[in-house]
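Peer 1: Have a look at this one.
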Amino acid sequence: MVLSHGVGGSDESVHSTFASRYVRTSLPRFRMPEQSIPKEAAYQIINDELMLDGNPRLNLASFVTTWMEPECDKLIQASVNKNYVDMDEYPVTTELQNRCVNMIAHLFNAPLGESETAVGVGTVGSSEAIMLAGLAFKRRWQNKMKAAGKPCDKPNIVTGANVQVCWEKFARYFEVELKEVKLRDGYYVMDPQKAVDLVDENTICVAAILGSTLNGEFEDVKLLNDLLTKKNEETGWDTPIHVDAASGGFIAPFLYPELEWDFRLPLVKSINVSGHKYGLVYAGIGWCIWRTKEDLPEELIFHINYLGADQPTFTLNFSKGSSQVIAQYYQLIRLGFEGYRNIMENCQENAMVLKEGLEKTGKFNIVSKDNGVPLVAFSLKDSSRHNEFEISDFLRRFGWIVPAYTMPPDAQHVTVLRVVIREDFSRTLAERLVIDIEKVLHELDTLPARVPSGDLAALAAAEASERQMEKQREVISLWKRAVLAKKKTNGVC
């Protein structure tokens, strides 16, 4: 949740244009109005403000799905008033969620018997799924350490510095030390060997990323499993692996079926995936799947009955809508394996079109890999005159939202732009984006060079020094006035 804050200097009232047909008085901006207004006016006021939002289809920063078929939109609208947690009242919705869990578990090669039910849960996204997986790892580790009579107050988790912020949240919120493998120039994912070197007896798990947010690259989970297996054999530990497949979980099974990253590897105990990314559902759905029942401690599961029947629950929140669960089931049965494969192949082909177009400009280095999440991350070959942040800013004039950002430590000197290729990003849009990027480059070349970063630092230091001198001059001036005033009152006439 984004912390809210008021816009400095903004009017305290909301003024309407077309809504003045229904209301003539302005509405308070940060307080509930005293009087009701017509529904038409409320709609018009909000609709007018939302016009200033960016176009979701042109938001190339986001991995989140921005288009679904009209038939699925109808299902979403029809179920928007169903509370998912009321399992006894909405048993069919609960059944659809269970079907999704089992379909995804089989997709990830969970070791299930013929009639065995998968262990998993639907969440509001991968962030919640990661929190739940982390809690399961922490509790299993605590139980193991207590049984051995060892202290269990200093758990840690090993990740790469390229992890999404939700891993940092988990570590901070649930008091787990975060051990990060630093990146290096040209290598922007976690190094498996360095990760295993950081593992100790207090490590609750190693988190591998299947589809880095930074450049879409898949980390080598197979190598990590092999190295960690060897260390476990040498030390007697049983450190497990969690795979954060938020982006790649609905890509790898269709584009890279031979890639071993999932429950085929014995140390992988849980996997999270975002249904609202390449699961092709609107924002608000994620999944966490466990290898076996033993990997999810029973004491973390709550049983409630005040909604009409015994209901097991393992979530961080309680009430939530049913729409996204139903939408996920729609996509799974509507598309099937063939449909998902076709969409992912198309996304990958469009990523290649964009990559080749950028390479033809001769101005960019491609940072992303051909294999991985279908995206293109790129940086300027020469940033002495203008930088990636300026390109990002200028592209907004054409409606494109393309993020620019610096890499995490120890590659923070590298700045990249990133374009995420989703289902609704066509080849035509890819070609149009290249044309607009060329226009931006041409326009920037006609402008004066920006102030180099070194000069900016020197300028900032000079300004800070000047402010400090100004403060000193003000203090001296005050003291002078005080001394003069004292001489006047104490002097002899």
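The values are calculated or read from the model by the stated rules, or taken from the named source; none is laboratory data. Quantities reported herein were computed from a predicted structural model and do not represent experimental measurements. A quick note on method: Cβ atoms are made from the backbone with ideal geometry, for glycine too, and the neighbour counts reach across all protein chains shown. The accessibility values were calculated without ligands, DNA or RNA, using every heavy atom of the protein model including side chains. Shrake-Rupley method; radii C 1.70, N 1.55, O 1.52, S 1.80 Å.
Peer 1: Calculate for the chain the 222 nm mean residue ellipticity that helices alone would give, adding -39,500 (n - 2.57) per DSSP H run of length 4 or more and normalising by residue count, nearest 500 deg cm²/dmol. Spell out each step's value before the answer.
Peer 2: Details: 12 runs with 199 residues, N = 493.
Calculated mean residue ellipticity at 222 nm is -13500 deg cm²/dmol.
Peer 1: Take the Cα atoms of segment 265-395, build their convex hull, and give its volume per residue in Å³. List each step's numbers first, then the result.
Peer 2: Numbers: hull volume 26.9 nm³, N = 131.
Once divided by residue count, the hull of segment 265-395 is 205 Å³.
Peer 1: While we're on this one: Where nothing but the Cβ of Lys and Arg (+1) and of Asp and Glu (-1) is charged, how large is the charge dipole of the chain around its Cα centre, in debye to the nearest 20? Write down the numbers at each step before the final one.
Peer 2: Details: 55 positive and 66 negative charges, 430 e Å.
Taking the Cα centre of the chain as origin, the dipole is about 2060 debye.
Peer 1: So what's the net charge close to R422: Lys and Arg +1, Asp and Glu -1, counting the other residues with Cβ under 11 Å from its Cβ? Walk me through the numbers before you get to the answer.
Peer 2: Values: positive: R57, K277; negative: E423, D424.
With Lys, Arg at +1 and Asp, Glu at -1, the neighbours total 0.
Peer 1: Still on this structure, please answer the following. Relative contact order for the chain: what percent, with Cα pairs under 8 Å and sequence separation of 6 or more?
Peer 2: Details: 772 pairs, mean separation 88.1, N = 493.
Relative contact order, the chain: 18 percent.
Peer 1: Shifting gears a bit: Roughly what % antiparallel, to the nearest 5, for the DSSP beta bridges in the chain?
Peer 2: Working: 28 of 45 bridges.
Restricted to the chain, the bridges split so that about 60 percent are antiparallel.
Peer 1: For a Förster distance of 51 Å, can you work out the FRET efficiency between the beta-carbons of Y43 and V165, rounded to the nearest 0.05?
Peer 2: On the way: r = 35 Å, r/R0 = 0.69.
That pair, Y43 with V165, gives E of 0.90.
Peer 1: Further question on the same structure: For segment 207-263, just say rounded, prolate or oblate: build the C-alpha gyration tensor, square-root its eigenvalues into a ≥ b ≥ c, call rounded for a/c under 1.5, and beyond that prolate if a/b exceeds b/c, oblate if not. Mind dumping the intermediate values first?
Peer 2: Working: a/c = 2.74, a/b = 2.05, b/c = 1.34.
Verdict is prolate for segment 207-263.
Peer 1: While we're here: Given points 7 Å out from each Cα along the Cα-Cβ axis, report the R334 to I401 separation in nanometres with one decimal.
Peer 2: Calculated label separation equals 2.3 nm.
Peer 1: Okay, next question. On full extension of the chain, what length is gained from L441 through S384, given 0.36 nm per residue of separation minus the C-alpha to C-alpha distance?
Peer 2: Going from the current span to full extension adds 19.2 nm.
Peer 1: Answer rounded, prolate or oblate for segment 368-414, using the Cα gyration tensor with square roots of eigenvalues a ≥ b ≥ c: rounded when a/c is under 1.5, else prolate when a/b is larger than b/c, else oblate.
Peer 2: Details: a/c = 1.95, a/b = 1.15, b/c = 1.70.
Here segment 368-414 falls in the oblate category.
Peer 1: A follow-up question, please. On full extension of the chain, what length is gained from E89 through L478, given 0.36 nm per residue of separation minus the C-alpha to C-alpha distance?
Peer 2: Working: separation 389, 0.36 × 389 = 140.04 nm, distance 7.45 nm.
Gain in length upon complete extension: 132.6 nm.
Peer 1: How many angstrom lie between the Cα centre of segment 234-313 and the Cα centre of segment 382-425?
Peer 2: Here the two parts' Cα centres lie 32 Å apart.
Peer 1: Go from 0 up to the bin containing the longest alpha carbon distance in segment 74-335, width 10 Å each, and give me the % of pairs per bin.
Peer 2: 7, 31, 36, 20, 6, 0
Peer 1: Which is the longest stretch in the chain that no exposed loop site breaks, taking sites as GluC sites (Glu not before Pro) with a DSSP loop state and at most 12 other Cβ atoms within 10 Å? All intermediate terms of the calculation are to be shown ahead of the outcome.
Peer 2: Working: sites that count: E12, E34, E114, E175, E258.
Looking at the chain, 259-493 is the longest stretch - no exposed GluC sites (Glu not before Pro) with at most 12 other Cβ atoms within 10 Å.
Peer 1: How many nm separate the modelled label positions at A148 and M352, each set 7 Å beyond the Cα in the direction of the Cβ?
Peer 2: 4.9 nm
Peer 1: Next question. If you roll a 1.4 Å probe over segment 74-335 with all protein chains in place, what percent of the accessible area is carbon or sulfur?
Peer 2: 52 percent
Peer 1: Same structure, new question: Give the accessible surface of the chain per residue, rounded to a whole number of Å², with probe radius 1.4 Å and ligands, DNA and RNA excluded.
Peer 2: Numbers: 26110 Å² over 493 residues.
Roughly 53 Å² per residue, with all protein chains present.
Peer 1: Another one. Which residues in segment 139-170 have a backbone N closer than 19 Å to a point placed 7 Å from the Cα of Y187 along the Cα-to-Cβ line?
Peer 2: Residues passing the 19 Å test: 158-163.
Peer 1: Can I ask one more? Tally Lys and Arg at +1 and Asp and Glu at -1 over the other residues with C-beta under 13 Å from the C-beta of K355: what net charge comes out? Walk me through the intermediate numbers first.
Peer 2: Working: positive: K360, K369, R418, R427; negative: E349, E356, E359, D370, E431.
After counting each charged neighbour, the total is -1.
Peer 1: Which one, L224, V101, T117, projects farthest toward the positive side of the charge dipole computed for segment 74-335 from Cβ point charges (K/R +1, D/E -1)?
Peer 2: My answer, from the dipole projection, is V101.
Peer 1: Follow-up. Let me make sure I get this right: for segment 340-444, a, b and c are the square roots of the gyration tensor eigenvalues over alpha carbons, sorted descending. Under 1.5 in a/c it's rounded, otherwise prolate if a/b > b/c, else oblate. Which is it? Numbers along the way, then the final one.
Peer 2: Numbers: a/c = 1.91, a/b = 1.33, b/c = 1.44.
It is oblate, given that a/c is not under 1.5 and a/b is not larger than b/c.
Peer 1: Can I ask one more? Among (1) 37.2; (2) 22.2; (3) 23.8, only one was calculated for this model; which label is it, if the read-out is mean projected area of the Cα convex hull in nm²?
Peer 2: Identified label for the calculated read-out: (1).
Peer 1: Which whole-number percent is the relative contact order of segment 41-169 (Cα, under 8 Å, 6+ apart)?
Peer 2: Working: 36 pairs, mean separation 15.8, N = 129.
Averaging sequence separation for qualifying contacts and normalising by length gives 12 percent for segment 41-169.
Peer 1: Using alpha carbons only, what's the Rg to Rh ratio of segment 277-336 with Rh from Kirkwood?
Peer 2: On the way: Rg = 14.3 Å, Rh = 14.0 Å.
Expressed as Rg/Rh, it is 1.02.
Peer 1: In nanometres, what is the gap between the two model label sites at V80 and R139, each 7 Å from Cα along Cα-to-Cβ?
Peer 2: 3.5 nm
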